[in-house]
Amino acid sequence: MHSYEEPVYMISIVAKALEVHPQTLRQYEREGLISPGRSVGKARLYSQRDIDEIKLVLNLTREMGVNIAGVEVALSLKRQIAEMQREIESLRARLANVNENGLVPQSKQIAPISSRKIIVADQND
């Protein structure tokens, strides 16, 4: 079984499976909507991720009447959301590493805890 990201499908197979002309796929690539991988011989190879993005493009254009510019915006937003989700997961993992007291480990502290002071302002000031 191939990974989701691994480019393994030739353009003719993808075109037939999605019922589009290979020129449509080439056009999507020229427009920057998809970026298939390449074989050693420079043939286009599509991953399952590429195929899913093509399906999204086809749905947006055929079913929803979105033009190519709108598709570009939608894909850009989708990619930004995915990047933000990865960043959130990274931050969650970092938070999980915080010790049980909710403090930064001493090896990562800028100043020792004992030297910190809490200043409380007088509400009458």
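The values are calculated or read from the model by the stated rules, or taken from the named source; none is laboratory data. Because the structure is predicted, anything quoted here is derived from the model rather than measured. Virtual Cβ from ideal backbone geometry, glycine too; neighbours counted across all protein chains shown.
K117: modelled with pLDDT under 90, of a type in the set (D, E, K, R) and either part of a helix (DSSP H, G or I) or loosely packed, with under 10 Cβ neighbours inside 10 Å (or both), yes or no? It is true that K117 is modelled with pLDDT under 90, of a type in the set (D, E, K, R) and either part of a helix (DSSP H, G or I) or loosely packed, with under 10 Cβ neighbours inside 10 Å (or both).
Scanning segment 3-39 for residues that are under 20 Å from A69 (Cβ atoms) and of a type in the set (A, V, I, L, M) yields V20, L25, L33, I34.
Listed by first and then second residue, the pairs linking a residue in segment 70-97 that is closer than 25 Å to I54 by Cα and at pLDDT 90 or above to a residue that is polar (S, T, N, Q) and surrounded by 10 or more Cβ atoms within 10 Å (Cβ to Cβ), with Cβ atoms under 8 Å apart and 6 or more places separating them unless they lie on different chains, are V71/T61. Within segment 34-67, the set of residues being under 21 Å from the mean Cα position of the chain (by Cα), charged (D, E, K, R) and not in a helix (DSSP H, G or I) comprises R38 only. Residue pairs whose Cβ atoms lie under 7 Å apart, separated by 6 or more positions or on different chains, with the first residue in segment 45-59 and farther than 17 Å from M10 by Cβ and the second hydroxyl-bearing (S, T, Y), are V57/Y28.
Taking (1) assigned to a loop (DSSP other than H, G, I, E, B); (2) surrounded by 12 or more Cβ atoms within 10 Å (Cβ to Cβ); (3) aliphatic (A, V, I, L, M) in turn, L75 satisfies each apart from (1). For the criterion of being in a helix (DSSP H, G or I) and over 21 Å from V14 (Cβ atoms), L95 passes.
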